[in-house]
1. With charges only on Cβ, +1 for K and R and -1 for D and E, what is the dipole size of region A:66-112 about its Cα centre, in debye, rounded to 20?
2. Which distances, shortest first and in nm, link A:ALA223 to the matching position in the other copies, using label points set 7 Å out along Cα to C-beta?
3. With the Cα gyration tensor of region A:173-302 giving a ≥ b ≥ c as the square roots of its eigenvalues, does the rule (a/c under 1.5 for rounded; else a/b larger than b/c for prolate; else oblate) give rounded, prolate or oblate?
4. Net charge around A:ALA272, counting only other residues with Cβ within less than 12 Å of its Cβ (Lys, Arg = +1; Asp, Glu = -1)?
5. Please give the helix A:86-99 orientation as an angle from the longest Cα principal axis of chain A, in degrees from 0 to 90, rounded to the nearest 10.
6. Springs between alpha-carbon pairs under 10 angstrom, Gaussian network model over chain A: which of A:GLY21, A:GLY150, A:GLY127 fluctuates most?
7. Taking Cα pairs under 8 Å and at least six residues apart, what relative contact order does region A:173-302 come out at, in percent?
8. Region B:76-96: which residues show an accessible-area loss of 50 Å² or more, assembly versus chain alone, 1.4 Å probe?
2 protein chains.
Amino acid sequence: MTTTGARTSTPTLGEVADLAGVSRATVSRVINDSPRVSPEARVAVQAAVEALRYVPNRMARSLVTRRTDTIALVLSEADTQVFSDPFFASIVRGLSARLADTDLNLVLLAARGEREQEKIGRYVRQGHVDGVILMSLHNDDLLPDILTGGHVPVVLSGRPLDGRPVAYVDADNAGGAAAATRHLLSLGRRRIATISGPTDMVAGLDRLAGYRAALAEAGRTPAPELVAEGDFTEAGGVRAMTRLLADAPDLDAVFVASDPMAVGALQALRAAGRRVPEDVAVVGFDDAAVAAVCDPPLTTVAQPLDEMTGLMVELLLDQIESGERTAETRVCATSLVRRASA
Amino acid sequence: MTTTGARTSTPTLGEVADLAGVSRATVSRVINDSPRVSPEARVAVQAAVEALRYVPNRMARSLVTRRTDTIALVLSEADTQVFSDPFFASIVRGLSARLADTDLNLVLLAARGEREQEKIGRYVRQGHVDGVILMSLHNDDLLPDILTGGHVPVVLSGRPLDGRPVAYVDADNAGGAAAATRHLLSLGRRRIATISGPTDMVAGLDRLAGYRAALAEAGRTPAPELVAEGDFTEAGGVRAMTRLLADAPDLDAVFVASDPMAVGALQALRAAGRRVPEDVAVVGFDDAAVAAVCDPPLTTVAQPLDEMTGLMVELLLDQIESGERTAETRVCATSLVRRASA
DNA sequence: GGGGGTCGTGGAAACGTTTTCATGGCGCTA
DNA sequence: TAGCGCCATGAAAACGTTTCCACGACCCCC
């Protein structure tokens, strides 16, 4: 017999047990769908749960199971700009879809600046989550260090720049960029420019490397005036394209390292009176939703997002279940989606 | 004396106590900055904590304190589009800034669809968080019901459409919209159109109501062809403006219920060869970052975001500390920011 | 120099679960 | 019918904290 207290605060498992006329152990078994419960007991417990509106106390449960059934997607980025990147939205969508029919919860943690990074590190180490998927965008990010310092399973979205041994899932950025560039070459374009991502992000670097590799492979060396650095935003794409047109007015193609930037580039090209693809062929990267609807529809490099989010979850769950951190990695093939812009 | 176990898993408070030669109670006091600890004991404990790399187990602590020191921002929206809305990003930024120097953590929960809403409801009711700030965008949203059904403190971002008794913080949407419309009237514009938000969102409705009220107050009744419904996105703004130009080619002003839509409207106007503000004056809403940099810079209605996020936190903390839910509300004044577009 | 007060400390009881282990009842097989 | 094993059940021990309470030691003031 436990405290059959007044109807003040939330009911406990003990009260349910009393009402149902069984022991706490049996209630626990019903709650957790254990098969070793008689139908009668099960029904009685369920009725009591219903009557008391019982909902299990997660903290008490986690204390003994050492599981929170929660994983975090942590986003390490100085400004909130990232939210508007369709790639990020896709990752969130993919992850929650993936977790929908499990009993795992997904929480997002956003870290702007050092203090918040520390705070998130504490949050994670204190055992609030079973694992972390980390989108660490810039290479001077502290969070990989902070998080891999603890015991919590971690999977990175995107290859870590320093080659540290940690599990990650990435697209074949270099390969995709090379394929895009080769496609432009195969169209007979001679002056192929690129709008790269920020050079402190690994996706930016790898795509730029792929572009260079494809040109080198064709016996070309890209002129410096054909490379402009963007920031993965539409506005950045406008700026970069404008600069390219000023520095290299004779360009006849451009590989843009993200679709939002490509949309910006299209605007700048239109403003400059260049026709796409007749005067300038454009290839983007990401196959964001906007790529299909912009004018002209964008030829772009698609990443298999569902596959990638699936792998992230898989790698993370493997670590959680085995109880030990791994450094498994998965690199997913990209594919060129041909539309009208190149 | 507790288990002075091997260096296998994470150390516990008991092991720290043993190493420091004090009781668990004393260690707890040091951890929680209680003043009633002698300097010597404090130093000894701190050294032990350091040596063992001790980090408190949050679940155990929460079990007894009934606090998680975590609040959730839950985002109830069918698609991930919202992420790209600068208003959302501003709220996130404001909240985390506000919580930066407290020991509260902020987590984001995104619910797309009924199943995820249920899941979030469970997550919250199980006691994962101390309180919830709910951005419930559409009026058929289940989450307000789900969440206010439990005992967890809730503050809504935005007035609930059904007038239920729940704490909320909102901008004076109607007032801001009316001010914007009056401004257009004062410029001598006669055919003032509007691009409204979705009519199943309270912000959309209130801003539309404000527009209508200002016209009525001036003795005008807005013609139906001067009202186009948008969806708060840039693409929606383009579509709505295009439709308005088709249905009411003689319009000379437009009040747009959000800045992203206003940016879209500007594009459509330019494409149609209308000059802004000479031919058509444009006023937006939100004072998003983009308003200052678009062409022409946008006259818009600013919401006091810092004040609003501050109030949300304040209202929520009040409830958490008092232990009871309130239905306090705060409505913040907006202000017209004059730039070049009107 | 004794009595009240403060102060630092440790013992032990919570907090609400899960899970191990023992037990008793039952049906089956030999 | 005896014996064996399975199955549903409950008692009790965890899990790692916080916090109440009691207990000395010490200081200060009369």
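1. For region A:66-112, the charge dipole is close to 140 debye.
2. Those label-point separations list as 5.5 nm.
3. Working: a/c = 1.28, a/b = 1.12, b/c = 1.14.
It is rounded, given that a/c, with a ≥ b ≥ c, falls under 1.5.
4. Counting the neighbours of A:ALA272, the net charge comes to +3.
5. 30
6. Sorting by GNM fluctuation, first place goes to A:GLY21.
7. 25
8. B:THR80, B:PHE83, B:ARG93
The values are calculated or read from the model by the stated rules, or taken from the named source; none is laboratory data. Note that the coordinates shown come from a computational prediction; the quantities given were computed from them, not determined experimentally. No Cβ is skipped: glycine too gets one built from the backbone with ideal geometry, and neighbour counts run over all protein chains shown. Side chains included, ligands, DNA and RNA excluded: accessible areas come from the protein's heavy atoms. Shrake-Rupley method; radii C 1.70, N 1.55, O 1.52, S 1.80 Å.
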